[in-house]
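The values are calculated or read from the model by the stated rules, or taken from the named source; none is laboratory data. Every value quoted in this text rests on a predicted model; they were computed, and no experiment measured them. Note that each Cβ is placed from the backbone with ideal geometry, even for glycine, and that neighbours are counted across all protein chains shown.
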């Protein structure tokens, strides 16, 4: 029986329910990441005894499932999009926006399928937009491919944001600090590809990089959806 199938305990003089518990857990995670979340800390934030929470949630993993599903409500499109490219684009962008608001989300993305009501609604909306464009196996590979791209891109972006906070160095500060070492390495002539990147490539912000990569992946998926089977 999943957490969503299990009933909540009867009313108590001190109000408590899963919605309040999840909201408190999300607040803790937003402040200090998933490592800051425990049933004891959530109970303390709610001025409740830790044992009371076990009537609503059995494990920290169940709490993470509920937190994930709560954020899936932020990802769920406001209205159904029937054009598959736009539906997948909206899914990717809204997932990135949610992860920038809740950085801990990057640590939970890509796990087992979400079985909460909001996670199921996101999945259903995505599959509905692709319905009729190809066989179900091709549709699943399309969704997996796009998801793999944006989850990887989001994790990289969040990792860089965390590194900036940990070191106190922005991306450009780090580049300047690393400049002498990079110059020394390039002078050896052993890294011509890297030298071209350093000297000739255009530096773009994270959102531009994300959007460009997403469009390229969608183009590749489009080719598979429109190519007749051999």
Give just the number: which of (1) in contact (Cβ under 8 Å) with a residue 24 or more places away in the chain; (2) under 23 Å from residue 2 (Cβ atoms); (3) within 12 Å of the chain's Cα centre (by Cα) does residue 111 not satisfy? (1)
Is it true that residue 215 is assigned by TED's automatic domain parsing to the domain that holds residue 98, within 30 Å of residue 123 (Cβ to Cβ) and surrounded by fewer than 14 Cβ atoms within 10 Å (Cβ to Cβ)? yes
For the stretch 126-168, the count of residues that are more than 17 Å from residue 218 (Cβ to Cβ) and either part of a helix (DSSP H, G or I) or under 16 Å from the mean Cα position of the chain (by Cα) (or both) equals 16
It is to be established whether one or more residues within the stretch 70-80 are at pLDDT below 90 and over 20 Å from the mean Cα position of the chain (by Cα). yes
Does residue 17 satisfy the criteria of being surrounded by fewer than 18 Cβ atoms within 10 Å (Cβ to Cβ) and either in contact with a strand residue (DSSP E or B) (Cβ under 9 Å, 6 or more places away or on another chain) or under 17 Å from residue 155 (Cα atoms) (or both)? no
